[in-house]
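**Q** Before we start, here is the structure in question, set down as C-alpha cells.
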Amino acid sequence: MILSFHPCFTADHQIILGDRSLGESDRNLIRSAQAVILPQGRVGRIFHECLKADVAMFPNYQARHTYPGKVGQSRLFETFQLPHPRTFRWSRVDRLKKMAKLPHEFPFVVKDDSSHEAEGVFVITGLKSFKAAVDFLSLKKNGEKVGFVTQDFVPTGGNVLRSVIMGERVLSYWKRPSKPGQVITTISKGARVDHDWKPDLQAKGREQAQVLIARTGINLAAVDFVFPLLKEDPEPLFLEINYFFGRRGLGGMDAYYRLLFEAIQDWLRGMGLNPKTVALV
C-alpha cells in the first residue's frame, strides 16, 4: 500500500492533514504502508512517525532533520567532506562581538541560521556593516541564544549556480545579478535565470550534486554553489541546501510538479512498487 500526505498526489490512500494532528487511524495507515509520499510543509510529525514505523519515504528528509538550518548544513558539509567556503558556527552573538580579532578578513559573510531567500545574510565589508549584522542578530531574538554562521566571501560577481535535485535527476541554472555590483543574488529579488551561461561549470555543479545524493540520500532539494571565478579553472563550493525553493528556474509550477511526479514514479519503480498507483491531480 502506498500512502500520500501530499495534496497534489493521490495513491492507495491520501491524507491531507492540514492543521490537525496525526490520529491513530493515520498512524495505522503509516504502519501498514510500504511507501509514504511526504508533503513539503509541516512535515516533521509525519516524518518522525514514518521513522518509527520504518517505512520508506519520499522525499528523503533525514539530512534535513539531522542537519537543520545553516548551522546544521555547515556540519553536513564537514561530515560528508563536501567542498565549501571556510565557515565558523556560533551559538551566541556576544561571542563574536567580544572577539579581539575577527575570524575572517574583510569581506566576509554573516548568515542567520533560519532565514531564507537571502534575508539575514550580510556581506561584511567593514566595521559599519559588521555592526549592522550584529544588531540584526541581537534584535531578532532579543539577545537570546541564536545560531548563525560566518563564512569566507567567495568572489563570484553575484553569480550563483543552482542545481535542483529531483529524485536521481539533477537540473541546473544560474542565478545572475540583474544590476551591476549586486552581490547577494536571489530570484525573489530580481535575479536573472540563465540556463546557458558557462555550461562547463554547470556540469561541475551537477556532478557535485550527484555526490551529495550518493553520500546523504537527499533526493529533493535545490543546492546552491559558488565558484571562485577569479581562478582559471574554478571548482564548485557548496553554499546551501534549500528544501523549499522557487520553481521559476524549472519552468514554473506545472513543470515542477511534472518533474516531481516523474521522480516519485522512478522512486517507486526502484523499490519494485507500482508507479501507476500514484496520480498527479
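The values are calculated or read from the model by the stated rules, or taken from the named source; none is laboratory data. Fair warning: this is a prediction, and the values are worked out from it, not measured in the lab. Note that we place each Cβ from the backbone using ideal geometry, even for glycine, and neighbour counts take in every protein chain shown. SASA here: full protein model, heavy atoms, side chains in, ligands and nucleic acids out. Shrake-Rupley method; radii C 1.70, N 1.55, O 1.52, S 1.80 Å.
**Q** Under the condition of being open to solvent by 40 Å² or more (accessible area, probe 1.4 Å) and under 24 Å from GLN208 (Cα atoms), which residue from segment 240-256 is modelled with the highest pLDDT? Full working, then the answer.
**A** So the first thing to find is which residues in segment 240-256 are open to solvent by 40 Å² or more (accessible area, probe 1.4 Å), and the list is 244, 247-248, 251, 253-254.
Within this subset, residues satisfying the condition of being under 24 Å from GLN208 (Cα atoms) are 244, 247-248, 251.
Working: PHE244: 90, ARG247: 92, ARG248: 92, GLY251: 95.
Restricting to residues being open to solvent by 40 Å² or more (accessible area, probe 1.4 Å) and under 24 Å from GLN208 (Cα atoms), the top hit is GLY251.
**Q** Moving to a separate point now. Among (1) out of contact with any Asp or Glu (no Cβ under 6 Å at 6 or more places or on another chain); (2) assigned to a loop (DSSP other than H, G, I, E, B), where does PRO85 come up short?
**A** For PRO85, the exception is condition (1).
**Q** Within segment 41-63, restricting attention to residues that are open to solvent by less than 20 Å² (accessible area, probe 1.4 Å), under 19 Å from the mean Cα position of the chain (by Cα) and not hydroxyl-bearing (Ser, Thr, Tyr), which residue is modelled with the lowest pLDDT?
**A** Among them, the one singled out is VAL43.
**Q** Please work out which residue is farthest from LEU229 (Cα to Cα), limiting yourself to segment 144-155 and to residues that are assigned to a loop (DSSP other than H, G, I, E, B) and either at pLDDT 95 or above or open to solvent by 40 Å² or more (accessible area, probe 1.4 Å) (or both).
**A** For segment 144-155, the residue satisfying everything is GLU144.
**Q** Residues to consider are LEU76, LEU96, LEU29, LEU3; find the one that is assigned to a helix (DSSP H, G or I), open to solvent by less than 20 Å² (accessible area, probe 1.4 Å), more than 26 Å from LYS128 (Cα to Cα) and touching a residue at least 12 places away in the same chain (Cβ under 8 Å).
**A** LEU76
**Q** Let me ask something else about it. Based on this model, can you work out whether LYS111 counts as in a strand (DSSP E or B) and touching a residue at least 12 places away in the same chain (Cβ under 8 Å)? Even if it seems obvious, please write down each step before you answer.
**A** Values: in a strand (DSSP E or B): yes; touching a residue at least 12 places away in the same chain (Cβ under 8 Å): yes.
Yes, satisfied.
**Q** (1) out of contact with any Leu (no Cβ under 8 Å at 6 or more places or on another chain); (2) in contact (Cβ under 8 Å) with a residue 40 or more places away in the chain: which one isn't true of GLN34, the others all being true?
**A** With (1) out of contact with any Leu (no Cβ under 8 Å at 6 or more places or on another chain); (2) in contact (Cβ under 8 Å) with a residue 40 or more places away in the chain applied to GLN34, the lone miss is (1).
**Q** Separate question: When only residues in segment 167-203 that are free of Cβ contacts under 8 Å to residues at least 40 places away in the same chain and of a type in the set (A, V, I, L, M) count, which is least open to solvent (accessible area, probe 1.4 Å)?
**A** Top of the filtered list is ALA191.
**Q** Which residues, counting only those in segment 256-281, are out of contact with any helix residue (DSSP H, G or I) (no Cβ under 6 Å at 6 or more places or on another chain), touching a residue at least 12 places away in the same chain (Cβ under 8 Å) and assigned to a helix (DSSP H, G or I)?
**A** TYR257, ARG258, LEU259, LEU260, PHE261, GLU262, ALA263, ILE264, ASP266, TRP267, THR277
**Q** Still on this model: Checking the conditions here, which among VAL123, VAL109 is buried (at least 16 other Cβ atoms within 10 Å of the Cβ), more than 17 Å from PHE244 (Cα to Cα) and aliphatic (A, V, I, L, M)?
**A** Exactly one of VAL123, VAL109 is buried (at least 16 other Cβ atoms within 10 Å of the Cβ), more than 17 Å from PHE244 (Cα to Cα) and aliphatic (A, V, I, L, M), namely VAL109.
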